[in-house]
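The structure under discussion appears below in the form of structure tokens.
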Amino acid sequence: MRIVTDFHLHSKWSRACSKELTIKNIAKWCERKGIQFVGTSDFTHPAWREEIERELEEIAPGTFKLKNETSPTRFLLATELSSIYKRHGKVRRVHNLVLCSSLAAVDRLIDALNKRGCNLKSDGRPIIGLDSEELLKYVREADEKGMLIPAHAWTPWFAVFGSQSGFDSLEECFGEMAKYIPAIETGLSSDPKMNWRLSQLDKVFLVSNSDAHSLDKLGREANVFEMKEPSFMELHRILTEHDRSKFVETIEFFPEEGKYHVDGHRACKFWCEPAQTKKIKGLCPKCGKPLVIGVLNRIDALADRANDPPPTNAVPFRSIIPLSELVGEALGVGPQSKKVRAELDRLVQDGRSEFGILLDIPEVELARMTQPEIVEAIRRMRAGEVNIRPGYDGEFGVIAVMGDHAKMLKE
């Protein structure tokens with residue numbers, strides 16, 4: 001059975017996140033999106049920890065369902081922690097995902113972090129002054145099945161390989177504990193193909209998650225595993241044993257749309273690719289300030305091989321555009337408009353999901369369900385016939401399947 005997972009998201013207790021991010025709402029939207037196994041998020045926050053216990057019941061080790069509900073959505077215990085600390089004479093800002101196998105293990109980790117002086121009440125994604133290597137030790141001590149996965153690994157400001165505050169290898173960041181890292185999260189601004197250029201990553205899986213701050217962003221990236229049913233223990237086994245046969249694929253953003261794909265300076269509305277950055281010595285030609293070095297450039301700097309061929313153990317991937325954006329473009333309205341919401345509500349009736357519509361339902365069947373313009377937009381996305389102005393310095397890229405590429409690049 002194909003199990004779609006998204007284990008990096010946030011709750012209503014995280015800064016700049018929707019108040020609609022409740023356990024029940026997350027479960028409902030996972031059904032709509034086509035996600036069977038989702039992270040709880042934010043389990044170190046006291047109020048959210050209480051909601052997890054109040055709303056969920058454990059049905060298998062590390063696997064939860066809604067209490068007194070028929071929802072098929074299953075949950076696993078997961079959170080993101082922001083570590084800011086000094087290492088090798090430089091301030092490091094690294095975000096890490098932590099997955100635990102039980103609420104008892106979560107409580108042991110919370111207790112250890114509290115004793116270390118971490119302020120877990122401040123935010124759903126708390127800032128902790130804890131070295132990433134030390135954090136991994138705490139996770140392992142609290143839970144022998146616990147996993148730590150570097151989050152959005154290439155984001156310039158807050159990631160293990162980030163150009164502004166990261167490291168050049170997992171070993172440099174995690175020291176002797178690096179051997180316990182089962183995977184890294186590629187983030188919205190990179191895709192697996194970009195990461196395949198680093199031979200050091202052959203030993204870990206490349207996972208993808210939404211990092212959703214609102215319900216509609218759930219599943220904008222996801223993982224697909226082969227399991228009999230959603231299971232934390234099976235997920236742990238697949239990741240830690242590196243069982244390629246059970247990791248079906250990842251579902252990806254087009255990385256150019258990510259907000260740190262290329263180099264640039266948002267204040268001056270200037271962006272460029274790595275070759276040009278080198279020519280202008282990394283300085284914005286409009287104001288003379290340093291450019292924020294993006295993911296493409298950072299991968300170029302650390303890569304030790306060309307794009308092709310992919311590693312022998314590479315997990316395949318497919319790239320998507322959120323269905324609301326495709327429908328909005330096809331109808332000539334914004335993705336949050338009433339017209340788009342009404343069409344999406346109609347499309348996901350009768351057991352259909354957004355992932356099914358985006359990736360799996362044949363075009364001939366789609367043609368019986370919706371307007372020709374929407375079917376054509378989906379066809380172009382599936383074929384990779386997209387036009388993109390890349391994202392830079394915190395500014396999302398602009399992606400279109402029906403638009404004028406040349407005009408878009410000039411805007």
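The values are calculated or read from the model by the stated rules, or taken from the named source; none is laboratory data. Bear in mind the structure is a predicted one, so any value in this text is a computation, not a measurement. When we count neighbours, we look across all protein chains shown, and the Cβ atoms used for this are built from the backbone with ideal geometry, even at glycine.
Here are the numbers for the structure shown:
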| quantity | calculated |
| --- | --- |
| Qualifying position, being modelled with pLDDT under 95 and touching a helix residue (DSSP H, G or I) at 6+ places or on another chain (Cβ under 9 Å), among ARG92, ARG87 | ARG87 |
| Residue ranges of strands (runs of 3 or more DSSP E) in segment 229-298 with at least 2 members of a type outside the set (Asp, Glu) and assigned by TED's automatic domain parsing to the domain that holds ASN195 | 247-253 |
| Residues of segment 276-325 that turn out to be among the polar types (S, T, N, Q), modelled with pLDDT of 95 or more and under 30 Å from ARG382 (Cα atoms), as a count | 3 |
| Unique residue being without any contact (Cβ under 8 Å) to a residue 24 or more places away in the chain, buried (at least 16 other Cβ atoms within 10 Å of the Cβ) and either in contact with a His (Cβ under 8 Å, 6 or more places away or on another chain) or within 24 Å of PHE158 (Cα to Cα) (or both) when the list is CYS287, CYS272 | CYS272 |
| Which listed residue is surrounded by 14 or more Cβ atoms within 10 Å (Cβ to Cβ), assigned to a loop (DSSP other than H, G, I, E, B) and outside the structural domain of PHE167 (by TED's automatic domain parsing), from VAL340, VAL315 | VAL315 |
| LEU76, sole failed condition from (1) surrounded by 24 or more Cβ atoms within 10 Å (Cβ to Cβ); (2) under 20 Å from ILE184 (Cα atoms) | (1) |
| Any hit, segment 86-94, residues being touching a strand residue (DSSP E or B) at 6+ places or on another chain (Cβ under 8 Å), over 24 Å from GLY129 (Cβ atoms) and not polar (S, T, N, Q) | no |
| Members of segment 132-158 found to be buried (at least 22 other Cβ atoms within 10 Å of the Cβ), in contact with a helix residue (DSSP H, G or I) (Cβ under 9 Å, 6 or more places away or on another chain) and part of a loop (DSSP other than H, G, I, E, B), listed by number | GLY146, ALA153, TRP154, THR155, PRO156 |
